Amino acid sequence: MVFICIWLFATFFATGMSLDNGLARTPPMGWLTWIRFACNTDCDYDPNFCISEKLIKEMADHMVQDGYKDAGYEYVCIDDCWLAKERDENHRLQPDPKRFPNGIKHLADYVHSKGLKLGIYEDFGTKTCAGYPGSEFYMQLDAQTFAEWGVDLLKFDTCHSDAHDNKEGYPAMSMYLNQTGRPILFSCEWPYGELQQNLSSDYGPVRKYCNVWRNYWDVLDDFQYVKNIVKFYGDNNALFQKYSGPGGFFDPDQVIVGGIGMSHYQQRAQLAMWAMFSAPLMMSNDLRDIQNEARELLLNKYIISVDQDPLGAMATRVWVINGLELWVKPIVPKGSLAIVFFNTKIFGSGTPISTAASDIGMSNPKGYRVTEVFTGKDLGIFKPETNLTARVFTTDAYMIVCHILS
Ligand code: GLA
């Protein structure tokens, strides 16, 4: 009964407030454990790959040493499976004592000492997706705990809950995070929970209370998942465009560049599309053991600048023809564009493109300076009548940035 009163009280006060943490003016960038390290908790058998303090510290070290931090990757995030199976005697969350022997505050201090930020994971329901203690009935205490530990981002999952409650529960957690006084980026799975339970989502409140929000099924290390996500974003394009912008972004899930299951072409296609969506760039890979070409891709300054463009726009899917999609995103300075051809076909030698610049959005008579993104090649000045020729390989993308001339 007491819990229910607290719940109602929180809900009541959450209504009408909004997340006011000043964060995510551009999409957050960082690293997250889930796709690559999943729920590996067996540190005796698999000490270098289990979810542990050691793993997080090693990733933080590599983020700095290998140039990711300088490129803008900032958050080092622990996903599910960091918790002990029970709360402590004061109902506080506690990390698994064997895998996080010095606690989360110590880990946050370490990550901060590297100039990075720490992200953590909890769940709105009774349990996390992997079965660890959830935040239901403890949201205020958990928000305080995270703030005391020095956590900078909370990924708040939706397993083991009734998604009808999301529209009250997520705003309540948002309010509790606000009340801590510590800026904690709020990464919600609110609309994804609704999708899983066949409910529709109202993105107005989602954007009001969350900094980033998952709204589709998990990505896996396989291009088919990337294609499904891109299709979902394309099919709902006009709706999503209304809600993406500084302070709030759609989260199509982790970036699998440097993974195992996708070709280099598929990896660059994913990263290009995520940049077009103004999506969080949360890579999930093993930074201790990553191919050079994947690292170079992750550090590609043109892709990052499209993703981090201050307008924070969601690209428009202009057309889909025979498996090839044209996406166009407005970027600064005003009138400039990022353009991606995304090829979903899985056979053949790719699709040749030959098109007037004006037909793909470059209509300004003064022209544009055009750069090919993956190679960094300067393609020169394009006028509306200039012809662009390129080949878009199967399960690949072709990306250019077009800066307007004044
Ligand atoms: C859900 C989320 C994933 C991950 C797992 C952890 O599936 O969508 O991103 O956090 O739970 O159990």
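Considering only residues that are touching a residue at least 40 places away in the same chain (Cβ under 8 Å) and not in a strand (DSSP E or B), which ones fall in segment 316-335? Answer for segment 316-335, where residues must be touching a residue at least 40 places away in the same chain (Cβ under 8 Å) and not in a strand (DSSP E or B): PRO333, LYS334, GLY335. The residues of segment 374-394 that are within 20 Å of LEU297 (Cα to Cα) and basic (Lys, Arg), listed by number, are LYS377, ARG391. Here segment 133-170 is the region considered, the condition is being among the hydroxyl-bearing types (Ser, Thr, Tyr) and within 15 Å of the ligand (Cβ to nearest atom), and the residue that is farthest from TYR192 (Cα to Cα) is SER135. The residue that is most open to solvent (accessible area, probe 1.4 Å), among those in segment 108-137 that are aromatic (Phe, Trp, Tyr) and closer than 19 Å to PRO97 by Cβ, is TYR110. Of the residues ILE290, ILE260, the single one that is in contact with a Gly (Cβ under 9 Å, 6 or more places away or on another chain), over 26 Å from GLN241 (Cβ atoms) and open to solvent by 20 Å² or more (accessible area, probe 1.4 Å) is ILE290.
Per the listing LYS114, LYS105, LYS85, LYS57, the residue uniquely of a type in the set (Lys, Arg) and touching a strand residue (DSSP E or B) at 6+ places or on another chain (Cβ under 8 Å) is LYS85. A single member of ILE256, ILE321, ILE339 is β-branched (Val, Ile, Thr) and within 30 Å of PHE49 (Cβ to Cβ), and it is ILE256. Report whether or not PRO101 is within 20 Å of LYS127 (Cβ to Cβ), in the same structural domain as CYS188 (by TED's automatic domain parsing) and open to solvent by 40 Å² or more (accessible area, probe 1.4 Å). Here the answer is no, as PRO101 does not meet what is asked. Taking segment 212-248 as the range and being charged (D, E, K, R) and either open to solvent by 40 Å² or more (accessible area, probe 1.4 Å) or assigned to a loop (DSSP other than H, G, I, E, B) (or both) as the test, the residues that pass are ASP218, ASP221, ASP222, LYS231, ASP235, LYS242. Tell me which residues, restricted to segment 339-385, are open to solvent by less than 30 Å² (accessible area, probe 1.4 Å) and more than 32 Å from the chain's Cα centre (by Cα). Those that are open to solvent by less than 30 Å² (accessible area, probe 1.4 Å) and more than 32 Å from the chain's Cα centre (by Cα): THR355, ALA356, GLY367, GLY380, PHE382, PRO384. Restrict the check to segment 108-125 and report whether at least one residue is under 28 Å from ALA279 (Cβ atoms), assigned to a loop (DSSP other than H, G, I, E, B) and within 14 Å of the ligand (Cβ to nearest atom). So far as segment 108-125 goes, yes, one or more of its residues are under 28 Å from ALA279 (Cβ atoms), assigned to a loop (DSSP other than H, G, I, E, B) and within 14 Å of the ligand (Cβ to nearest atom).
Of the residues making up segment 253-267, just one is of a type outside the set (A, V, I, L, M, F, W, C), more than 14 Å from GLN224 (Cβ to Cβ) and under 11 Å from the mean Cα position of the chain (by Cα), namely GLN254. Checked against (1) within 16 Å of the ligand (Cβ to nearest atom); (2) farther than 25 Å from ASN300 by Cα, ASP251 meets all criteria but (2). As for segment 314-337, it holds at least one residue that is farther than 19 Å from ASP70 by Cα, open to solvent by less than 20 Å² (accessible area, probe 1.4 Å) and under 15 Å from the mean Cα position of the chain (by Cα).
The values are calculated or read from the model by the stated rules, or taken from the named source; none is laboratory data. Here the structure is a predicted model, which means the values were calculated and not measured. Quick reminder, even Gly has a Cβ in these numbers, built from the backbone with ideal geometry, and neighbours come from all protein chains shown. Side chains are part of the model used for accessible areas, which takes the heavy atoms of the whole protein and leaves out ligands, DNA and RNA. Shrake-Rupley method; radii C 1.70, N 1.55, O 1.52, S 1.80 Å.
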